[in-house]
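Everything on this sheet refers to the single structure shown next.
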Amino acid sequence: MIAERQLRKSIFILVLLYLLVSSKPYMQNPIVHRLLSQTHLKGLRILPTYQWASSCVFSSSPSNRRGSEINNEYEIPIADDVASDRRNSVSNYDTMYRLDGIGRRSKVEITTNTGHQLSTDIPKKMGGTDTAPQPVEMLLGAWMGCTQATALFVGRQMSPRIVVESLSFERIEAVRDERGALALPIEEIPPVPSRLRRITGQIRVVTQSKTSLTSEQMEILKEQTEIRCPVANMILASGCAIDVEWIDSTIVQ
């Protein structure tokens, strides 16, 4: 019994090591799938070894789409839509982004392959020059832009069709625990994650028809936008909760 338990543990460690160098979802990878099947570990939730993530749960279940922050526990769905290894040829469905950047002290000047210029900086109290938005502010701005563009697409595909004229992002706030970035000594893993924990606020929806949306229409618009927006999807996958209320602009608050 002890020998069998040790064997299973050894195989499980090998599986984890393989996952670190493999870009395929572990349940879709034939080698990992066979190992898991042989050791009765198929479907087991994998706990990361980071100190701050001792309560985090990685799951292949897509049930948690919005993230959660209950007792610092969150689920990160393991991607199940990657059909080929990224080390091989690019898929016909892949969209690529390429940027170049030059960092000088606290500021980074960025050029995109579409010909646009971006800059980031940090506040003076943090040692920066405060000449451009902070990186986290850029992330939140990217989420807003991605949400706007995705909502337009989702609305057009709904039946009946909803033409989204505008989204008004109001009182958007994000919070993180600064110990995740500043905790010392620097050689040790911080006691908490450095990522954002929660995004809150409101999104006021204005449609071209200026008519009220049903609760079902609003739920579909919100849910499908969060699922399909690459930036929102990435934020949720990190474990950050997006607790943003979508409001019909025709309803007087």
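What number of residues within segment 223-253 are out of contact with any Gly (no Cβ under 7 Å at 6 or more places or on another chain) and part of a strand (DSSP E or B)? Residues that pass the stated criteria total 5. Are any of the residues in segment 207-218 among the polar types (S, T, N, Q), surrounded by 15 or more Cβ atoms within 10 Å (Cβ to Cβ) and in contact with a strand residue (DSSP E or B) (Cβ under 8 Å, 6 or more places away or on another chain)? Yes. Residue pairs whose Cβ atoms lie under 6 Å apart, sitting 6 or more positions apart in sequence or on different chains, and linking a residue in segment 223-241 that is under 23 Å from Gln157 (Cα atoms) to a partner that is charged (D, E, K, R), are Ala232/Glu226. If you take the residues of segment 219-253 that are at pLDDT 95 or above and charged (D, E, K, R), which of them is surrounded by the most Cβ atoms within 10 Å (Cβ to Cβ)? Here the residue is Glu226. Within segment 147-177, the set of residues being out of contact with any Ser or Thr (no Cβ under 8 Å at 6 or more places or on another chain) and more than 22 Å from Leu236 (Cβ to Cβ) comprises Arg156, Ser159, Pro160, Arg161, Ser166. Summed over segment 104-136, the residues that are under 27 Å from Thr200 (Cβ atoms) and surrounded by 14 or more Cβ atoms within 10 Å (Cβ to Cβ) give a count of 10.
Select, from Arg198, Arg179, the only residue that is under 14 Å from the mean Cα position of the chain (by Cα) and either assigned by TED's automatic domain parsing to the domain that holds Ser119 or not hydrophobic (A, V, I, L, M, F, W, C) (or both).
On the way: Arg179 fails: under 14 Å from the mean Cα position of the chain (by Cα).
Every option except Arg198 fails the conditions.
Output yes when any residue across segment 182-195 is within 16 Å of Ser209 (Cα to Cα) and surrounded by 12 or more Cβ atoms within 10 Å (Cβ to Cβ), and no when none is. The answer is no; no qualifying residue exists.
Comparison of Ile220, Ile203 shows that the only residue that is assigned by TED's automatic domain parsing to the domain that holds Gly145, outside any loop (DSSP other than H, G, I, E, B) and over 21 Å from Ile172 (Cβ atoms) is Ile220. Of all the residues in segment 159-199, those that are within 16 Å of Thr225 (Cα to Cα) and either in contact (Cβ under 8 Å) with a residue 24 or more places away in the chain or not polar (S, T, N, Q) (or both) number 10.
In segment 97-156, the qualifying residues are those that are polar (S, T, N, Q), under 28 Å from Arg198 (Cβ atoms) and assigned to a loop (DSSP other than H, G, I, E, B), and the one that is farthest from the chain's Cα centre (by Cα) is Ser106.
The values are calculated or read from the model by the stated rules, or taken from the named source; none is laboratory data. Being a predicted model, the structure only gives us computed values, none of them experimental. Because the Cβ atoms are built from the backbone with ideal geometry, glycine has one as well, and the counts that use them run over all protein chains shown.
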